[in-house]
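S.K.: If you scroll down you'll find the structure; I have some questions about it.
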């Protein structure tokens, strides 16, 4: 009699990441995608914040670990752990910053910054700056991004003193220091030559920059173009001006880490191996769509329109905000942009609607409401007139790669 087939025992794997952070979530997603594609069975142990389980992790009764080695507490806790470990984290200029005996999958900081810098140059900017984080053992990766920015600026002929003035670490953005942090950041922003392109080391820092600009009335992107890193959805939903961002290769990092651990569980050894994963690209949104504007009136008007077009503003409100006569402002618009104020408001609403439609997770009626159209029928009429198609047809073309969202 044939004995029933006994399935192989599933490996018990701990993922030491903070599932509340977009960077960590995407690495976890990459691990999951590897498991789906290879159909291997792991019992995965994951906490929303692994720090609550860090004490005693070296005695984890499992088969392997994939861990965030940007956190010094993780490095310390896993010292001497006998299990196969794959480290994930930042790239470093100094080789001694890497664990010498573990395979290490790194996001390539130099390429992240270089891609952002090249994008800002392509937007026509000539002045640049970097908004970083206070120095801390937990922020070693942000210092690496500063160094990458400093190297690029030095290669463009900037002196060490000039580069130092272009890099600002600021304060933490915790509640007790919020007002002070905004005030100091605003002072730094106002002292920079304009127009300027600023690379923020994370999208959270980019949002902080944008808030300071909005409070101080600094036009974005006319005077300050901002690009972050992480492509965090919050940077698109919690800001009045959508933020451009570099898309890290985090899912590829997760897949690679899972692949290495899979091989290690079968006897392979990769001690000291380092793999740098480049960025995927840039999600280009309004915060870096810089266009040189000679008229300060048009720059100020576009700054207002960008923030409030989808709230149903009218030409009269733009005129009141700028503080000149309607005829004068319309003339400035015709000279600078070859359009009327109303047409510029409509363009912003249309761009916002196109972006939402491409996402395919919002109904056309909801898009019309969120983008400030008075009715779904009016949005249909605008799409027909401006794009020669209905919103649904635009959505289908975008899915097929025939059109770009904006």
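S.K.: In a Debye calculation with equal point scatterers on the alpha-carbon sites of the range 56-123 and no solvent, what is log10 I(q)/I(0) at q = 0.14, 0.15, 0.19, 0.24 Å⁻¹?
M.R.: -0.51, -0.56, -0.76, -1.04
S.K.: Sort 21-28, 374-381 for me by packing, meaning the mean count of neighbouring Cβ atoms within 10 Å per residue, highest on top.
M.R.: 21-28, 374-381
S.K.: I'd like the orientation of helix 296-308 relative to the chain: the angle between its Cα long axis and the longest Cα principal axis, in ° from 0 to 90, rounded to 10.
M.R.: Approximately 60 degrees, to the nearest 10.
S.K.: Can you give me the relative contact order of the range 296-398 as a percent, contacts being Cα pairs under 8 Å and 6 or more apart?
M.R.: After rounding, I find 26 percent.
S.K.: Based on the mean of other Cβ atoms within 10 Å per residue, sort peptides 63-69, 366-372 so the most packed one is first.
M.R.: The most tightly packed comes first, giving 63-69, 366-372.
S.K.: To continue, here is another question. Hey, how many Å between the Cα centroid of the range 328-351 and the Cα centroid of the range 214-269?
M.R.: Each part's Cα centre sits 33 Å from the other's.
S.K.: Provide the packing ranking of 135-146, 104-115, i.e. peptides ordered by the mean count of other C-beta atoms within 10 Å per residue, highest first.
M.R.: 104-115, 135-146
S.K.: While we're looking at this one, here's another question. Rounded to the nearest 10 degrees, what's the angle between the helix 341-359 long axis and the longest principal axis of the chain, both from Cα atoms, 0 to 90?
M.R.: For 341-359 against the chain, the angle is about 20 degrees.
S.K.: Same structure, new question: At what distance in angstrom do the alpha carbon centres of the range 366-401 and the range 59-74 lie from each other?
M.R.: Computed from Cα coordinates, the inter-centre distance equals 48 Å.
S.K.: Dividing the alpha-carbon Rg of the chain by 2.2 N^0.38 Å yields what?
M.R.: Ratio of Rg to 2.2 N^0.38 Å for the chain: 1.14.
S.K.: I'd like the orientation of helix 109-122 relative to the chain: the angle between its Cα long axis and the longest Cα principal axis, in ° from 0 to 90, rounded to 10.
M.R.: The helix 109-122 is inclined about 20 degrees to the chain.
S.K.: Can I ask one more? Ratio of Rg to Rh for the range 296-398, alpha carbon only, Kirkwood?
M.R.: For the range 296-398, the value is 1.02.
S.K.: Sort largest first and round to whole Å: the equivalent ellipsoid semi-axes of the range 319-359, each the square root of five times a Cα gyration tensor eigenvalue.
M.R.: 26, 11, 6
S.K.: Taking a quarter of the surface of the convex hull around the Cα atoms of the range 245-324, what do you get in nm²?
M.R.: 8.8
Bear in mind these aren't lab numbers, they're just calculated from the coordinates by the rules spelled out. Just so it is clear, the model here is predicted, and its values are computed rather than measured. All Cβ positions, glycine included, derive from the backbone under ideal geometry; neighbour counts span all protein chains shown.
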